[in-house]
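Colleague: Sharing a structure with you now.
The values are calculated or read from the model by the stated rules, or taken from the named source; none is laboratory data. Note that the coordinates shown come from a computational prediction; the quantities given were computed from them, not determined experimentally. Cβ coordinates were reconstructed from backbone atoms using ideal geometry, including for glycine residues, and neighbour counts include every protein chain displayed. All accessible areas refer to the heavy atoms of the entire protein, side chains included, with ligands and DNA or RNA removed. Shrake-Rupley method; radii C 1.70, N 1.55, O 1.52, S 1.80 Å.
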Amino acid sequence: MSKGERMKTAREKIKQQQAAERQREQRRRVVTYAAVGVVALAAIGGGWLYAASRSQSEEAAAGDQAPVTVQSDGSVVMAKAGVEKPVLDIYEDFQCPACKQLETVSGQTFKNLAAEGKAKVVYHPISIFQREPTRGNSLRAGAAARCVADGRQWLAFHDLLYKNQPSETVEGFKINDLVGWGKEAGVTSPDFEQCVTSQKHAQAQLSYADKVIKAQKIEGTPTVKLNGVDLEGNVAFTPQQLRDQVTKAAK
């Protein structure tokens with residue numbers, strides 16, 4: 001084979017590798033939007049699922065919010081004292097549009113179930129995106145959330161991240177904004193700004209995401225598990241069905 005032929009073959013292999021990478025990324029994006037049975041149109045916003053579910057969304061439950069505790073690995077537990085089951089594990093990415101959809105539709109139901117002592121809710125913020133700008137956006141937000149040690153402040157910051165989620169096509173979750181949202185969430189820790197600015201926990205965020213994705217066989221976000229088993233279909237996105245499943249699991 002001549003030098004020219006070898007170079008041509010090499011270029012063709014590179015093109016094939018690039019095409020394969022694009023296909024893998026496309027599959028990842030589709031899974032991210034369509035996880036737990038939600039079609040991409042609904043996940044991106046304004047789709048039929050949102051319109052159908054919005055009227056069923058719960059109001060805040062009467063009484064105090066369940067205690068929220070930030071764990072050393074970056075997960076966050078919301079539960080009343082002594083409540084160990086049923087367990088709702090929420091695997092989410094702050095840059096994921098479907099995760100924002102889940103928070104919009106069922107976020108209050110998760111809080112209510114914990115406040116009522118009917119479930120132990122565990123948030124697992126992970127970073128699943130591989131391409132920019134979504135990868136950087138996700139990583140900055142996840143690392144910043146790890147800078148909040150107080151549980152109630154973390155939950156408020158969590159909600160603000162979804163409220164201000166940027167488009168996938170632009171650089172978002174910028175450092176100054178993250179710091180500002182922390183203050184809005186009531187974070188008073190003197191080292192919070194430096195922690196966010198330096199992205200102190202970026203590597204820990206990546207390591208945790210890699211560990212969780214492999215251990216839990218996470219194929220996309222959001223993934224919601226009830227006692228370790230994936231919720232099927234649109235259950236996580238339908239407050240009444242979600243509540244019914246948790247009630248059934250408690251019996």
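Colleague: Past 24 Å, Cα to Cα: identify those pairs from 85/111; 118/225; 111/163; 100/225; 214/248; 80/211, in the order given.
Modeller: Values: 85/111 15 Å; 118/225 15 Å; 111/163 17 Å; 100/225 17 Å; 214/248 29 Å; 80/211 27 Å.
Over 24 Å Cα-Cα: 214/248; 80/211.
Colleague: Rg/Rh for the range 167-223 to two decimals, with Rh computed the Kirkwood way over all alpha-carbon pairs. Don't skip to the end; give the middle numbers.
Modeller: Working: Rg = 14.4 Å, Rh = 13.5 Å.
We get a ratio of 1.06 for the range 167-223.
Colleague: Test of the criteria: in the range 168-251, which GluC sites (Glu not before Pro) are in a DSSP loop and have at most 13 other Cβ atoms within 10 angstrom of their Cβ?
Modeller: On the way: sites: 168, 171, 184, 193, 219, 232; in loops: 168, 171, 219, 232.
The qualifying sites are 171, 232.
Colleague: For the residue pair residue 249 and residue 69, what label-to-label distance in nm results when each label sits 7 Å from Cα along the Cα-to-beta-carbon direction?
Modeller: Using points 7 Å along Cα→Cβ, the separation is 1.9 nm.
Colleague: For the range 68-250, which whole percent of the accessible surface, found with a 1.4 angstrom probe, sits on carbon and sulfur atoms? Before the final figure, lay out each step's value.
Modeller: Values: 3610 of 7710 Å².
That fraction is 47 percent.
Colleague: How long, wide and thick is the range 68-250, going by the Cα atoms along their three principal axes, in whole angstroms, largest first?
Modeller: So the three principal-axis extents are 45, 33, 27 Å.
Colleague: Order of 238-247, 100-109 by packing, highest average Cβ count within 10 Å first?
Modeller: Working: 238-247: 18.6, 100-109: 22.5.
Top to bottom by mean Cβ count within 10 Å: 100-109, 238-247.
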